[in-house]
Amino acid sequence: MSKRDAQIDQLAGVALFRGCSKAELRKLAGITTEMTARTGEVLCREGSAGSSCYVIIEGEAEVTIAAAAIDTIGPGGFFGEMALLDGGPRVATVTATTDMRLLVMSRGEFTSLLADVPSVSRKMLEALGHRLRLAREQAHDASIGI
């Protein structure tokens with residue numbers, strides 16, 4: 001098996017990319033770069049400019065806003081997309097809580113992904129909708145003192 005075939009098989013195992021065709025997986029393999037992160041490494045910092053989006057292959061990370069833990073994300077999860085979508089600053093800090101393997105996409109690669117792989121775009125939109133609902137619930141709970 002070639003390195004490229006192994007990468008395509010690996011991508012097919014990531015929840016965000018399940019349901020992608022072989023052609024879409026080949027496209028993904030061509031526009032993503034794999035990186036590693038060590039426990040404790042800050043991958044995104046709240047308020048900073050964003051130039052990359054990340055998809056977790058292995059490991060976990062904690063998401064914090066204003067130093068408050070908001071969520072934990074693991075394999076198949078993604079982050080960094082909001083700054084690429086609207087050009088604004090990072091809305092959260094993401095810190096590796098374990099050693100991690102991630103796929104990284106630049107703004108141009110992320111834009112290409114959204115245009116060329118509609119099944120991934122839909123899954124990202126669903127996840128963003130879920131995040132917005134969760135944020136609304138948390139804000140509501142905080143406003144009534146829960």
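Worth a mention:
- Residue in the stretch 114-132 that is open to solvent by 50 Å² or more (accessible area, probe 1.4 Å) and either polar (S, T, N, Q) or not in a helix (DSSP H, G or I) (or both) present: no
- Per this entry, residue 76 is counted among residues that are in contact with a helix residue (DSSP H, G or I) (Cβ under 6 Å, 6 or more places away or on another chain) and small (Gly, Ala, Ser).
- Assessment of the stretch 74-82 against the conditions (under 24 Å from residue 130 (Cβ atoms) and part of a strand (DSSP E or B)) yields at least one matching residue.
- For the residues 67, 61, the requirement of being at pLDDT 85 or above, closer than 20 Å to residue 135 by Cα, out of contact with any Asp or Glu (no Cβ under 8 Å at 6 or more places or on another chain) and open to solvent by less than 70 Å² (accessible area, probe 1.4 Å) singles out 61.
- Single residue of 15, 49 found to be touching a residue at least 24 places away in the same chain (Cβ under 8 Å), touching a Pro at 6+ places or on another chain (Cβ under 9 Å) and more than 24 Å from residue 98 (Cα to Cα): 49
- For the stretch 79-97, the set of residues classified as open to solvent by less than 50 Å² (accessible area, probe 1.4 Å) and either in contact with a Pro (Cβ under 7 Å, 6 or more places away or on another chain) or at negative phi (or both) consists of 79, 81, 83, 84, 88, 90, 92, 93, 94, 95, 96, listed by residue number.
- Per the conditions (1) under 23 Å from residue 36 (Cα atoms); (2) of a type in the set (Lys, Arg); (3) surrounded by fewer than 16 Cβ atoms within 10 Å (Cβ to Cβ), the sole criterion not satisfied by residue 136 is (1).
- Checked against (1) at pLDDT below 95; (2) open to solvent by less than 20 Å² (accessible area, probe 1.4 Å), residue 100 passes all but condition (1).
The values are calculated or read from the model by the stated rules, or taken from the named source; none is laboratory data. The model shown is predicted, which means the values in this text are computed figures rather than measured ones. Reconstructed Cβ throughout: ideal geometry from the backbone, glycine too, with neighbour counts over all protein chains shown. With ligands, DNA and RNA removed, areas are computed over all heavy atoms of the protein, side chains included. Shrake-Rupley method; radii C 1.70, N 1.55, O 1.52, S 1.80 Å.
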